[in-house]
Amino acid sequence: MSAEFRFKIVMLGDGAVGKTAMTTRFTQDYFEADYKRTIGTDFSVKRLVMPESDAHVTLQIWDLAGQPRFEFVRQGFYRGSRGGLLLYDVTRRRTFINADAWKEEAFKNLKDKIPLVVVANKVDLADSRAVSKEEGEKYAKKNGFLYVESSALTGENVEQAYLALCKTMIEDGRSKPTNPAFQG
Ligand code: G3D
Ligand code: MG
């Protein structure tokens, strides 16, 4: 019998970095410039088969609007998540600087360090790039996270980012056999 995993994951990062666009692209393979703004929290579900293994993963992807006013909304958002994508917009340096605060908020709310994949999004806008690949990689490496360069617009590396996270979460689960998300 093949292994089955269920993971809740969170999309982290400043407003307008592409969290909703990336999730939409991954779950529906679809990009729409003026889809509805994320209101509060929302989640989508995607079932996938890991390449080069027979593991099946059901991902519950939680997406948060930029600045929810109430702390308890954010606590519910983080609860039970086993990993996350930490996004920034390569054309806006501030979003890269702020990435670390998102990581800290997640770890603080979860009282645990979950695997994250650093996602440098909007690489299609090469001419406006304000954060280099080297800087992004250095930040990821320092924290022990994987690093991916993506574009939710073209679809480049979108699936790869989620797959890399799944692979890391499965490994993380194996190292923590009491993890309730680990059913394989
Ligand atoms: P958020 O969910 O993190 O707040 P969104 O961000 O997914 O709403 O994206 C914010 C804006 O960036 C949107 O533009 C969206 O179309 C655009 N965007 C997201 N990802 C990419 C990308 O990879 N490349 C480019 N060029 N644009 C991207 P609008 O104009 O709708 O505000
Ligand atoms: Mg959004």
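The values are calculated or read from the model by the stated rules, or taken from the named source; none is laboratory data. Just so you know, these numbers come straight off a predicted model, no measurement behind them. No Cβ is skipped: glycine too gets one built from the backbone with ideal geometry, and neighbour counts run over all protein chains shown.
Points to keep in mind about this one:
- Of all the residues in the stretch 127-150, those that are in contact with a strand residue (DSSP E or B) (Cβ under 6 Å, 6 or more places away or on another chain), assigned to a loop (DSSP other than H, G, I, E, B) and either among the small types (Gly, Ala, Ser) or more than 17 Å from Cys166 (Cα to Cα) (or both) number 1.
- Qualifying residue in the stretch 109-125 (condition: within 16 Å of ligand 2 (Cβ to nearest atom), part of a helix (DSSP H, G or I) and closer than 30 Å to Gln75 by Cβ): no
- In the stretch 88-111, the residues that are at pLDDT below 95 form Cβ pairs under 7 Å with partners that are basic (Lys, Arg), at six or more places apart or across chains, as follows: Asn109/Arg74.
- Annotation for the stretch 7-14: no member residue is within 15 Å of ligand 2 (Cβ to nearest atom), loosely packed, with under 13 Cβ neighbours inside 10 Å and at pLDDT 80 or above.
- Given (1) modelled with pLDDT of 90 or more; (2) away from ligand 2 (no atom under 16 Å from the Cβ), number of the condition Thr23 does not satisfy: (2)
- Scanning the stretch 119-141 for residues that are among the small types (Gly, Ala, Ser) and surrounded by 14 or more Cβ atoms within 10 Å (Cβ to Cβ) gives Ala120, Ala130, Gly136, Ala140.
- Failed item, numbered, when Thr95 is tested on (1) among the β-branched types (Val, Ile, Thr); (2) in contact with a helix residue (DSSP H, G or I) (Cβ under 8 Å, 6 or more places away or on another chain); (3) crowded, with 20+ Cβ neighbours inside 10 Å: (2)
- Flag if Tyr139 is within 13 Å of the chain's Cα centre (by Cα) and not aliphatic (A, V, I, L, M): no
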